[in-house]
Amino acid sequence: MAKMSDVAKKANVSIATVSRVFSSPETVAEETKKKVLKVVEELNYTPNVLARQLRKMETKTIVVVVPDITNTFFSRVLRGIETIARENGYRVLLGDTENDITLENEYLKTLYEKHADGLILLTARTDRITIEKLSENYPVVLACEYLEGSNLPTVSIDNISAARKATEHLIKLGHRRIAHITGPMNVILSRDRLKGYKQAMESYELEVDPILIQEGDFYYKTGYNLMLKLLFIENPPTAVFAANDEMAIGAIKAIQSQGLKVPEDIAIVGFDNIKMSAIFSPSLTTIGQPTYKIGEKAMNLLLDLIRGKKLSKNQFVLDDKLIIRESCGFKND
Ligand code: RIB
């Protein structure tokens, strides 16, 4: 096990400097601090005393890690987080990973480097062990996304039942050949939405034709391209459930580009209820997530963890809602 003297030697500083990095970091030059903390990490040097001192240092800052800041779904989650943070004297720093796991890992380090008092992850693609290990020593909350089989503090909706609801809505409108444009399969909520779609199809004894399941990535352009592909298969679908609104809007554009109409020729249901889904024509039937509430709840949980409070429970599942608009062809008579 590495000692303080090993850290000092490798970082080429005195033992006193290493000690000051933890006890009074404001007295150490920024460059030196970085150098020492890098070696601390390399040597995995975290004796209890130092770890405790490190954790006690307050920054009054929290970091929110987002997979894609250009997706407006996340703005209302952030608004919820920011409101509670501000009311409690915390600043919010934003880390946009652009769906890149390497960047996600970089943002996790902000806790080890003590640039923040806690972390809210709106994306969790890093392996479970790493995130769980981090949360053993620092306040970490997951929101929107979650980790399979983990007991980490989490706020989300039930993606399986929400997807089932979206698909059943199309089935009840008479559709039998329903396609699903999924999210990226390395993300658990995409896998859960696919599960919900399959459950709905199976419970109505409808065939789940593999060609009707196309893997997307939550981006508009992919929704467009995959929909074009679906239009040109031998027996195209009469309805599509897209795993998020951006891809659903892309799919509608692709259908329109071929001179077809939504919902008359093909019905579409999305997921998220982003602002554009109500403005776009035809307006989008979708699953509404309580985005602002998810943000508020996640920040309140993080505050509890920062203040050392015991949580009443770890998993919070909030209600979603099917919002019926024009794109699915539902008529209220
Ligand atoms: O639109 C992107 C998706 O990622 C959303 O559906 C939401 O659940 C988020 O985590």
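The values are calculated or read from the model by the stated rules, or taken from the named source; none is laboratory data. What you see is a predicted model; the values in this text were computed from it and never measured. A quick note on method: Cβ atoms are made from the backbone with ideal geometry, for glycine too, and the neighbour counts reach across all protein chains shown. Accessible surface areas use protein heavy atoms only, side chains included; no ligands, DNA or RNA. Shrake-Rupley method; radii C 1.70, N 1.55, O 1.52, S 1.80 Å.
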Does Gly89 satisfy the condition of being surrounded by 20 or more Cβ atoms within 10 Å (Cβ to Cβ) and either small (Gly, Ala, Ser) or modelled with pLDDT of 95 or more (or both)?
no
Suppose the filter is among the small types (Gly, Ala, Ser), crowded, with 19+ Cβ neighbours inside 10 Å and in contact with a His (Cβ under 9 Å, 6 or more places away or on another chain); does Ala267 pass it?
yes
Within region 183-215, count every residue that is away from the ligand (no atom under 16 Å from the Cβ), more than 15 Å from Ile171 (Cβ to Cβ) and surrounded by fewer than 18 Cβ atoms within 10 Å (Cβ to Cβ).
3
From the residues in region 240-273 that are of a type in the set (Val, Ile, Thr) and over 18 Å from Ile211 (Cα atoms), which one is farthest from the chain's Cα centre (by Cα)?
Val262
Looking at Leu189, is it out of contact with any helix residue (DSSP H, G or I) (no Cβ under 6 Å at 6 or more places or on another chain) and either of a type outside the set (D, E, K, R) or on the phi > 0 side of the Ramachandran plot (or both)?
no
Subset of region 67-98 that is part of a helix (DSSP H, G or I) and among the aromatic types (Phe, Trp, Tyr) - its residue that is nearest to the ligand (Cβ to nearest atom)
Phe73
Pairs where the first residue, in region 245-260, is open to solvent by less than 40 Å² (accessible area, probe 1.4 Å) and the second is β-branched (Val, Ile, Thr) and within 11 Å of the ligand (Cβ to nearest atom), C-beta under 6 Å, 6+ apart
Asp245/Ile274; Asp245/Thr286
Based on what the data block shows, is Leu230 more than 19 Å from Thr286 (Cα to Cα) and open to solvent by less than 50 Å² (accessible area, probe 1.4 Å)?
yes
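Only residues that are assigned to a loop (DSSP other than H, G, I, E, B) and touching a residue at least 60 places away in the same chain (Cβ under 8 Å): list them for region 113-122, please.
If the condition is that a residue be assigned to a loop (DSSP other than H, G, I, E, B) and touching a residue at least 60 places away in the same chain (Cβ under 8 Å), then Glu113, Lys114, Asp117 are the ones that fit.
Please give the strands (runs of 3 or more DSSP E) falling wholly within region 171-260 in which 3 or more residues are of a type in the set (A, V, I, L, M, F, W, C).
178-182, 239-242
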Looking at region 123-165, which of its residues are within 11 Å of the ligand (Cβ to nearest atom), aliphatic (A, V, I, L, M) and part of a loop (DSSP other than H, G, I, E, B)?
Ala124
I'd like to know if region 306-314 contains one or more residues that are open to solvent by less than 30 Å² (accessible area, probe 1.4 Å) and in contact with a strand residue (DSSP E or B) (Cβ under 8 Å, 6 or more places away or on another chain).
no
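How many residues are over 12 Å from Val7 (Cβ atoms) and open to solvent by less than 80 Å² (accessible area, probe 1.4 Å) when one looks only at region 19-31?
6
Take the residues in region 216-227 that are under 30 Å from Leu142 (Cβ atoms) and crowded, with 16+ Cβ neighbours inside 10 Å, then tell me which one is nearest to the ligand (Cβ to nearest atom). Give the derivation first.
The first filter runs over region 216-227 and keeps only residues under 30 Å from Leu142 (Cβ atoms), leaving 216-223, 226.
Those left that are additionally crowded, with 16+ Cβ neighbours inside 10 Å: 216-220, 222-223, 226.
On the way: Gly216: 10, Asp217: 10, Phe218: 4, Tyr219: 9, Tyr220: 10, Thr222: 12, Gly223: 11, Leu226: 15 Å.
Among those residues, the one meeting the criterion is Phe218.
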